[in-house]
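One structure below.
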Amino acid sequence: MRSSNPVFSRRGFSRDNGYAGFNAAPQAGPAVQTGNPYAGTNPYAQQQGYGAPPQAARMTMDDVVMRTGMTLGTVIVGAAIAWIMQMPLGLAIGAALVAMVLALVQSFKRKPSPALILSYAAFEGLFLGALSGAINAQFAGAPMQAVLGTMAVFVGVLIAYKTRIIRVNQRFYRFVMAAAIGFMLLTAVNLLFMVFGGGDGLGFRSGGLGIIFGIVGIVLGAAFLALDFKQVEDGLAYGAPREESWLAAFGLTLTLVWIYLEMLRLIAILRGD
C-alpha cells in the first residue's frame with residue numbers, strides 16, 4: 001500500500017498503469033513474467049507465476065480492525081499517561097520528534113514492523129496527551145470536543161465512501177496530493193515566519209485565516225481517510241498478505257492523528273476568539 005497520508009508514504013500497490021489498482025479489476029491469477037514483480041493484474045501475485053498468498057495468509061477485515069485497534073489503543077494509553085503525569089510540553093515535543101523518526105523509518109521499510117508501528121503510536125500518544133492537557137487547561141473540554149469531531153469525520157467519510165458519494169479514483173488522488181503539497185508548503189513557510197519573525201507568522205494559527213486554514217486541514221484529512229479506505233478495500237480484493245494489515249493500521253492512525261490535531265487547533269481558535 002502506498003500511503004495516502006499527507007506526511008508519510010509507504011510501499012504499496014506498485015503498478016505500471018496507475019495507483020492502487022484503479023485501472024484493473026482485482027483477481028488472484030498468476031503474474032505476467034516481466035521484470036516488475038507486481039506486473040500482473042494482481043499486485044500481490046508472485047514473480048515466479050504462483051498466485052496470491054494462500055487464503056489463510058491473506059489480509060482480512062478482522063485483521064485490519066484488530067491491528068488498528070491495537071495501534072489506536074497504544075496511542076490512547078500513551079496520551080492518558082502524559083495527561084495524568086502532566087508531561088511538560090518540552091518533553092512532549094521530543095516525543096513527537098521520536099514518533100516522526102519512527103514513522104519515517106517504517107515508511108522506508110519494505111515490510112511492516114509491528115514493533116516500529118506500536119512504538120510510533122506510543123510516542124505519538126505521549127505528545128497528544130501532553131498537548132491536549134495544555135489546551136484543556138486553557139479551554140476546558142476542547143480535547144473531548146476534538147475527539148468527538150474526529151469520530152464524526154471518520155463515520156461521515158466511511159458512510160460517504162460505502163455509499164459511493166465519495167468516489168476514489170486517479171483524479172481524486174492527484175487532486176488530494178496536490179492540495180496536500182500546497183498545505184504542507186504553506187505550513188512550512190508559516191513556521192519559518194514564526195521562528196524568524198516571531199508572532200503568529202502569516203496568521204494561519206489565529207483569527208479568520210486560521211479558521212479557514214483549520215477547516216481546509218480537516219477536509220484534507222477526510223480526503224486522505226477516503227484514500228485509506230480505498231487502500232484497505234483494494235488490499236482485501238487483491239488478497240494482500242496478512243502483514244499488510246499493519247500498514248493499513250499505520251496509515252489510518254496517521255490520518256486520524258492528523259484530523260484530531262487540526263480539529264483541536266480549530267476548536268482552540270474558535271474558543272479563543
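None of the figures in this text is laboratory data; all of them are computed from the coordinates on show. None of these values were measured; they are calculated from a predicted model. Using ideal geometry, Cβ is built from the backbone for each residue, glycine included, and neighbour counts are taken over all protein chains shown.
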LEU97 versus ARG171: modelled label distance in nm, points set 7 Å from Cα along the beta carbon direction: 4.5 nm
Which of the peptides 87-100, 154-167, 126-139 is most tightly packed, and how do the rest follow, going by the mean number of other Cβ atoms within 10 Å of each residue? 126-139, 87-100, 154-167
Need one number: nm distance between label points at VAL219 and ILE84, each 7 Å from Cα along Cα→Cβ, rounded to one decimal. 4.1 nm
Rounded to 0.05, the calculated FRET efficiency for the beta carbons of VAL155 and VAL77 at R₀ = 25 Å is 0.60
Expected sort for 168-178, 212-222, 226-236 on mean C-beta neighbours within 10 Å, highest first, is 226-236, 212-222, 168-178
For the stretch 131-136, Karplus couplings with θ = phi - 60° (6.51, -1.76, 1.60), whole Hz, Gly/Pro x: 5, 5, x, 5, 6, 5
Multiplying the sequence separation of ASN136 and MET184 by 0.36 nm and subtracting their Cα-Cα distance, what value in nm do you get? 14.6 nm
